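Everything on this sheet refers to the single structure shown next.
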């Protein structure tokens, strides 16, 4: 049941040009960023040979690519999540789901999974770029894997927040803007420079604090737990929100 | 045999506003229940609660003997619902959409294609099955909505204004379809088109200001013995003479020659009596208490407005008083 909702959600993104345009735009921008990193790598290659423990091609090409991808997708994910629930409410199609033998949790999780399928597609396309380097050189595959996992968790967290924002309103635009605001805020939290206790808490709450170690290849259980809790928290909030609306509306 | 839908003391408040007040009714298999009411009377709210789209403030709903609030999934599996605005994913084709609905309603994979074909055929969607719903006319979209509701052949079908936007021929077809479906399913038809109710339904309920004000079977309604007569008399007789006459229990004058009379006598006896009196009878007609008449009486009068404290007993009283008046 969850899967049929997820499948429909996934396909319906491709029915509209939105998904295609987003995939294309991201691919072009990231390809450019990838190209400049490779170029940079070549320009400093001769100097690198003289340094002991020099960063490899994975550190200089793949890691920056994932970093850039996470920033660009911070702006793109709200566009993908905005219509997820709000459009159903606006078009009243949600009553089809609500009168079917499906629980609200299944509806929300199904929709979220559909979105994750799309994100996985996007990630595959992005990962192909650094992987293509393996034709000419040796890559640190586990580091790439850790980076992809980090990016996936990051995007999954963005999406969960987006799903919740989308459940609050029946206007996709408002959902997109508030999701973007929330994500940007969570991103910028770790930029507070003061080193007192408060900023440590804020630092810990920031998404970026937990993303950076994964990019460097450090697989920390507490970072993974942070992302999973973040996702579960927002999904539960979205479910509760829809249930409350059924009571009040 | 237990009833397909049983609703007990259903109440719904929106803040201070009471949209549905203490509504109770039942629906048996093979019944087509016409649910009538003016705009804003609480029709759609009631339907939304029956379909699980809206939680009641209090009250009980059971569908096919299963409590909707305690076992929502099992109860909703017995339900097909067409809301006021058909819930269509416009970017899908008709077949894709119906297949998705079938999967939502737990139709097994092996039956998926046959179930969809059957619904497509029944609703006359054969020619448009591969087209995007977005590009269909309003009438066809409405039919896709109906197809969605009857797809999994649920015991209970709730149709909220199903013939809106259809052309006259389609309306006849859909009515025929509803009638055929009504033989094997229990149907609630929510509408404010009165002839439609008379043509299709086997029972009628009228809701006004959130309360159920009338409930009767169509046969009862149409075959009711009329006790009111319209009489036109050639000679001008003043109303007192008629009022004094013991034959009439009440009489009202419309203009010089026309009267409306209430009497215990049958039409035969009354006409004979008037002729004997030599009042110059020119026209004589038993007054039809049509559905329209009842609807207007119930929804424009004061009945049912200040009914905060009205209980089932007084609803019954009012219903009977309407029947006999």
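Quick notes on this structure:
- Checking each residue in region B:93-127 for being in contact with a strand residue (DSSP E or B) (Cβ under 9 Å, 6 or more places away or on another chain) and buried (at least 21 other Cβ atoms within 10 Å of the Cβ) picks out B:94, B:105.
- Where helices (runs of 4 or more DSSP H) sit wholly within region A:73-159, those with at least 3 residues that are surrounded by fewer than 17 Cβ atoms within 10 Å (Cβ to Cβ) and away from chain B (no Cβ under 14 Å) occupy A:104-132.
- Residue check for residue B:63: more than 13 Å from chain A (Cβ to nearest Cβ) and within 24 Å of the chain's Cα centre (by Cα): no
- Residue B:74 closer than 26 Å to residue B:190 by Cβ and surrounded by fewer than 24 Cβ atoms within 10 Å (Cβ to Cβ): yes
- Residue within region B:88-95 that is away from chain A (no Cβ under 11 Å) and either in contact (Cβ under 8 Å) with a residue 40 or more places away in the chain or outside any loop (DSSP other than H, G, I, E, B) (or both) present: yes
- Where strands (runs of 3 or more DSSP E) fall entirely within region B:209-273, those with at least 2 residues that are in contact with a helix residue (DSSP H, G or I) (Cβ under 8 Å, 6 or more places away or on another chain) and over 30 Å from residue B:19 (Cβ atoms) are at B:228-233, B:248-253, B:258-263.
- Restricting region B:100-116 to residues that are facing another protein chain (nearest Cβ under 9 Å) and touching a residue at least 12 places away in the same chain (Cβ under 8 Å), the residue that is farthest from residue B:45 (Cα to Cα) is B:106.
- Filtered residue count, region B:66-87, keeping only those that are more than 24 Å from residue B:29 (Cα to Cα) and facing chain A (nearest Cβ under 8 Å): 2
- Output for region B:244-275, where each listed residue is loosely packed, with under 13 Cβ neighbours inside 10 Å and farther than 23 Å from residue B:290 by Cβ: B:244, B:246, B:256, B:269, B:272, B:275
- In region A:1-54, the qualifying residues are those that are over 22 Å from the mean Cα position of the chain (by Cα) and under 30 Å from residue A:84 (Cβ atoms), and the one that is farthest from the other protein chains (Cβ to nearest Cβ) is A:1.
- On the stretch given as region B:42-60, residues that are within 11 Å of chain A (Cβ to nearest Cβ) and at positive phi total 1.
Every read-out reported here was derived from the displayed coordinates using simple, explicitly stated rules and does not represent laboratory data. A quick note: this is a predicted structure, and the numbers were derived from the prediction, not measured. Cβ: placed from backbone, ideal geometry, glycine included. Neighbour counts: every protein chain shown.
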